[in-house]
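These notes are about the structure you will find just below.
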């Protein structure tokens, strides 16, 4: 199962990209993420199919079953129902199952996936078209509402599922089905006369087409991805034209502006992150993919500007973004409320996709640092430790009423975070012709080819519990290439040794770039100084004024009621307070924090009093944010009240 080959030669495809990720079957993940992947493989992958079937999705895609009709009503004042997105849920669930099967063969799970694939094969139209909503529920209306109905978005997730299943099992059936659908899309969309100049209302297909082009060697799939990027937001605006064709007034769009779907202007003119957070990050990831594949420098200014706008003015400390429930997205700069934070799990996942693709041009810690921040905090929080419950939104403060749910009427997040975790090994490395970049650290063993030589790379580390990383290189024959290792922005220092000898190297965009001839058994040791610290928000973030957050390594911490009995907002931390690591009850193997604090107490139960509360010295215990709501239910807080340290005049 694990010896997969590309079914068509890639020789004719001369990508101008520099760095590519490794495939799922090239990395064996252990360490921190190993147990997380095992939970997905043994529990979550099956559970996703159980709950998809329970939601009646199989009835919609299988033409042999009675038509279920409309199961989920449309949203108020909107003609959209999440039932239109069911194909995407199956696509991501198949992708998750593919990675799970690679991790741990499971004939029962594989049989279930094959049954779903078989249903899609029987549903597929003669011309290759494949969308269960338009073929079973709203027949004959395909390609009439790309803005709202997720038609091309669904295609993207099905394609990604097919590519992953091929990589994991070597089975081509689903891949062939989706190639036929991609061919159908290519026939209908493009710059030629008679073709539609439309594009996905919810970007995602762009990413999938790049993956499809890479696995098949078909340049036309890459070209189609580029078309969707290039044509987006061109005048006249396609979404306004199709609304008029439907007999609607484009000004009556439920979300008011096409900024909601990043189609308000051509992508090369966009400078700010706007609209729906997930759509935005998927689009920018697609733009980065196209920029890499086609060496298209014209996309770089927009990507750089949007990245800066997000990370400097609109990103939560957890790596989540999109504060508003109303549009599941952006509002205005520095609007980062804590209790009402939406910060959808899918948005953090999509940000990781975008960051990883920004690394396609060169190692740059600006992108890898954010990828890590979003991964360990805003994304990983989206799934419970046992792999059975999920967060859709991820607030940074809760009074004890916010909990993970079993399922959702729009269940996009469960398979999205699951497929990310199960494939996390593909985000560790970026490989070019004669350079290997280590973006993320986790114990693993990876096999690859570099500079014409087969190479095994083994990382040995307890990261993120500590910052010591040992990389052992085993090439078949001595080979010269550059090994680039990231020094995270949070590191207070680092030491580098090669085969026991100390090295002094300057950082290049946050990476140590080591050029030499490598031989079997060469060992690189990187020791990152990892200390707990207090973080402070920009003064423009009103919600965090007078507050501090705790971080150790890549982990952002929170406090929970179960560890700290008093109301969490009665605790106060003085600047420079002593912070120590500690073990946390109920979370075996987790590095917790214990910080000196005071707690406010009052001798009066009156609602208001003229006497100030007393402050009593105490200890405050904190856990990694991603682990909250895994034990007893209760309140949670990330941004803690702080007391400024007095300065001598």
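For this structure, a couple of remarks:
- Criterion (surrounded by fewer than 24 Cβ atoms within 10 Å (Cβ to Cβ), within 16 Å of the chain's Cα centre (by Cα) and either touching a residue at least 12 places away in the same chain (Cβ under 8 Å) or within 15 Å of residue 280 (Cα to Cα) (or both)) met by exactly one of 380, 315, 375, 359: 315
- Among the residues here, residue 499 does not qualify as exposed (fewer than 13 other Cβ atoms within 10 Å of the Cβ) and outside the structural domain of residue 441 (by TED's automatic domain parsing).
- For the criterion of being out of contact with any strand residue (DSSP E or B) (no Cβ under 9 Å at 6 or more places or on another chain) and in contact (Cβ under 8 Å) with a residue 40 or more places away in the chain, residue 281 fails.
- Elements of the type strands (runs of 3 or more DSSP E) sitting completely within the range 538-581 and holding at least 1 residues that are in contact (Cβ under 8 Å) with a residue 12 or more places away in the chain and farther than 26 Å from residue 334 by Cβ: these cover 555-560.
- Residue 216 vs. criteria more than 27 Å from residue 369 (Cα to Cα), surrounded by 16 or more Cβ atoms within 10 Å (Cβ to Cβ) and touching a residue at least 60 places away in the same chain (Cβ under 8 Å): yes
- Filtered residue count, the range 193-208, keeping only those that are assigned to a loop (DSSP other than H, G, I, E, B) and closer than 17 Å to residue 222 by Cβ: 4
- For the range 139-160, residues that are part of a loop (DSSP other than H, G, I, E, B) and either touching a residue at least 12 places away in the same chain (Cβ under 8 Å) or closer than 16 Å to residue 189 by Cβ (or both) total 9.
- Residues that are under 18 Å from residue 148 (Cβ atoms) and either part of a loop (DSSP other than H, G, I, E, B) or not assigned by TED's automatic domain parsing to the domain that holds residue 390 (or both), drawn from the range 36-92: 70, 72, 73, 74, 75, 76, 77, 78, 79, 80, 81
- Among the residues here, residue 524 qualifies as closer than 30 Å to residue 507 by Cα and either touching a strand residue (DSSP E or B) at 6+ places or on another chain (Cβ under 8 Å) or not in a strand (DSSP E or B) (or both).
- Flag not set for residue 254, criterion: in contact with a helix residue (DSSP H, G or I) (Cβ under 9 Å, 6 or more places away or on another chain), within 19 Å of residue 145 (Cα to Cα) and free of Cβ contacts under 8 Å to residues at least 60 places away in the same chain.
- Boolean, residue 435 is without any contact (Cβ under 8 Å) to a residue 12 or more places away in the chain and either surrounded by 16 or more Cβ atoms within 10 Å (Cβ to Cβ) or farther than 22 Å from residue 528 by Cβ (or both): no
- Test result for residue 85, within 30 Å of residue 187 (Cα to Cα) and modelled with pLDDT of 95 or more: no
- Test: residue in the range 450-459 that is closer than 25 Å to residue 554 by Cβ, at pLDDT 95 or above, in a loop (DSSP other than H, G, I, E, B) and outside the structural domain of residue 104 (by TED's automatic domain parsing): no
The values are calculated or read from the model by the stated rules, or taken from the named source; none is laboratory data. Note that the coordinates shown come from a computational prediction; the quantities given were computed from them, not determined experimentally. Counting neighbours? That spans all protein chains shown, and the Cβs are built from the backbone with ideal geometry, glycine included.
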